[in-house]
Amino acid sequence: MSKTRVQMIIETLRDNPAKKFTARDLAAEFLKRYPAELLEKKNNPRYDTEEKLLAQLAAEIGGERTEAAKKRCANVVTQDKPRPRLYYWDANPEQSAAEKSVLEEVELPTPAQTHSEHELYPLLIEFLHKELKLYCQRIDEKTSRNSHGSGGNHWLHPDVVALEPLDQHWDPVVKDCVRHGNDSAIRLWSFEVKKQLTRSNVRQYFFQAVSNSTWASFGYLVATGLNNDVESELQMLASLHGIGVLILNTESLFDSQILIPARERTAIDWQSVNRIVSENTDFHRFIEQVGIYSQTGRLVKSVWNK
């Protein structure tokens, strides 16, 4: 009988009682433990790299499946702060619950946010370039012309954009074939950056990310943290609109994680791209460099990842 994700969570934690897992760690363990159950997923062309497959499985672990596993088995425990969330097996959940209630009575103060939103941009760019191999640029709203009047460019462009060159390690014959055909050797990414997602702001911030990333292959809402009561809302919104969520860990940058993977759009919306290009000089420079790469395969390193 095929096992559900809930069963996989319970069994994997039960068999590793001394270990704490991130969602990504669990996903990697699932691939080792349940090759037959995950064969169809592995053969799905949407997950043509191990990174995409791990991101998808990690997303399937969170939200409702995690809550279902915790309800079915009291030994399944999560530690939500600091991010990323950790999953582990608790042999004595009743004692742990008592200890938790004592700690809650003390009312420990919430750590202060030490970074401004603008200070997060270079950290995000460093993570995206080194971990996801993206070539990034910052888009400053101050460089917009506002030719449509006050509010005309509201939620028009994101904070950070990126080029993903798919063909860097392809054979030259394949590169030429794609470059001179109708297929694309690039993906474009869009990132809207916020500090903390709460119940009061999550929908506003999410739909801001929706609005300013309609042109891109992938759109992401980025935050340094989120309140425990918003993850289910994010999962629901993401399933409807395809926007992903990335949690940026400012204390340990490369422990940042894609909480919800974005759904890829099959084609770049060049009409929307043209609208942003006509208004914002930073975005104009970005698309100019995308064009240079598309035509020549050349990346001008000095203009990227600043």
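Taking each residue of segment 105-128 that is aromatic (Phe, Trp, Tyr) and looking for partners that are modelled with pLDDT of 80 or more and assigned to a loop (DSSP other than H, G, I, E, B) with beta-carbon atoms closer than 8 Å, six or more apart or interchain, yields Tyr121/Asp159; Phe127/Leu248; Phe127/Ser256. Under the condition of being at pLDDT below 90, within 30 Å of Pro172 (Cβ to Cβ) and not β-branched (Val, Ile, Thr), the residues counted in segment 247-292 number 1. One residue stands out among those in segment 26-45 that are acidic (Asp, Glu) and touching a helix residue (DSSP H, G or I) at 6+ places or on another chain (Cβ under 9 Å): the one that is nearest to Gln79 (Cα to Cα), which is Glu29.
Name the residues in segment 44-95 that are part of a loop (DSSP other than H, G, I, E, B), among the polar types (S, T, N, Q) and modelled with pLDDT of 85 or more, would you?
Start the filter on segment 44-95 by keeping residues that are part of a loop (DSSP other than H, G, I, E, B), which leaves 44, 48-49, 62-63, 73-75, 80-85, 90-92.
Now narrow it down to the ones that are among the polar types (S, T, N, Q): 44, 49, 75, 92.
Scanning segment 44-95 gives Asn44, Asn75.
Selection of first residues in segment 3-18 that are buried (at least 16 other Cβ atoms within 10 Å of the Cβ) and of second residues that are of a type in the set (Lys, Arg) and in a helix (DSSP H, G or I), restricted to Cβ pairs under 6 Å at least 6 apart or on distinct chains, gives the following pairs, ordered by first then second residue: Arg5/Arg65; Val6/Arg65. Look at segment 215-235: where a residue is part of a strand (DSSP E or B) and a partner is acidic (Asp, Glu), sitting 6+ places away or on another chain with Cβ atoms under 7 Å, you get Phe218/Glu264; Leu221/Glu192; Val222/Glu192.
The residue pairs whose first member lies in segment 190-206 and is assigned by TED's automatic domain parsing to the domain that holds Ile139, whose second member is of a type in the set (Val, Ile, Thr), and whose beta carbons are closer than 6 Å, counting only pairs six or more residues apart or on different chains, are Ser190/Val161; Phe191/Val160; Phe191/Val222; Val193/Val222; Lys195/Thr224; Leu197/Val230; Arg199/Val230; Val202/Val230.
Comparison of Ile287, Ile268, Ile276 shows that the only residue that is surrounded by 15 or more Cβ atoms within 10 Å (Cβ to Cβ) and not in a helix (DSSP H, G or I) is Ile268.
Kindly list the number of the only condition in (1) in a helix (DSSP H, G or I); (2) surrounded by fewer than 16 Cβ atoms within 10 Å (Cβ to Cβ); (3) at pLDDT 85 or above that fails for Lys142. So Lys142 meets the others, but not (3). The listed residues are Leu221, Leu240, and the only one of them that is loosely packed, with under 13 Cβ neighbours inside 10 Å, among the hydrophobic types (A, V, I, L, M, F, W, C) and within 24 Å of Val273 (Cα to Cα) turns out to be Leu240.
Taking Phe254, is it part of a helix (DSSP H, G or I), out of contact with any Lys or Arg (no Cβ under 9 Å at 6 or more places or on another chain) and either in contact (Cβ under 8 Å) with a residue 40 or more places away in the chain or in the same structural domain as Lys142 (by TED's automatic domain parsing) (or both)? For Phe254, the condition - part of a helix (DSSP H, G or I), out of contact with any Lys or Arg (no Cβ under 9 Å at 6 or more places or on another chain) and either in contact (Cβ under 8 Å) with a residue 40 or more places away in the chain or in the same structural domain as Lys142 (by TED's automatic domain parsing) (or both) - is not met.
So the check is Cβ under 8 Å with 6+ separation or different chains; which pairs have a first residue in segment 288-303 that's over 22 Å from Ile276 (Cβ atoms) and a second one that's in a helix (DSSP H, G or I)? Correct list of pairs: Gly297/Lys175; Gly297/Arg179; Arg298/Ile292. Candidates are the residues of segment 21-36 that are part of a loop (DSSP other than H, G, I, E, B) and at pLDDT 90 or above; the one that is surrounded by the fewest Cβ atoms within 10 Å (Cβ to Cβ) is Ala36. Of all the listed residues (Arg263, Arg298), the sole one being closer than 18 Å to Leu166 by Cα and in contact with a Gly (Cβ under 6 Å, 6 or more places away or on another chain) is Arg263. Out of all the residues in segment 166-173, is one or more modelled with pLDDT of 85 or more, crowded, with 20+ Cβ neighbours inside 10 Å and in the same structural domain as Ala262 (by TED's automatic domain parsing)? No, segment 166-173 contains no residue that is modelled with pLDDT of 85 or more, crowded, with 20+ Cβ neighbours inside 10 Å and in the same structural domain as Ala262 (by TED's automatic domain parsing). All of Thr110, Thr214, Thr198 fail the test of being at pLDDT below 75, surrounded by fewer than 19 Cβ atoms within 10 Å (Cβ to Cβ), of a type in the set (Ser, Thr, Tyr) and over 26 Å from Thr296 (Cβ atoms), apart from Thr110.
The values are calculated or read from the model by the stated rules, or taken from the named source; none is laboratory data. Bear in mind the structure is a predicted one, so any value in this text is a computation, not a measurement. Glycine also receives a Cβ, built like all others from the backbone with ideal geometry; neighbour counts cover every protein chain displayed.
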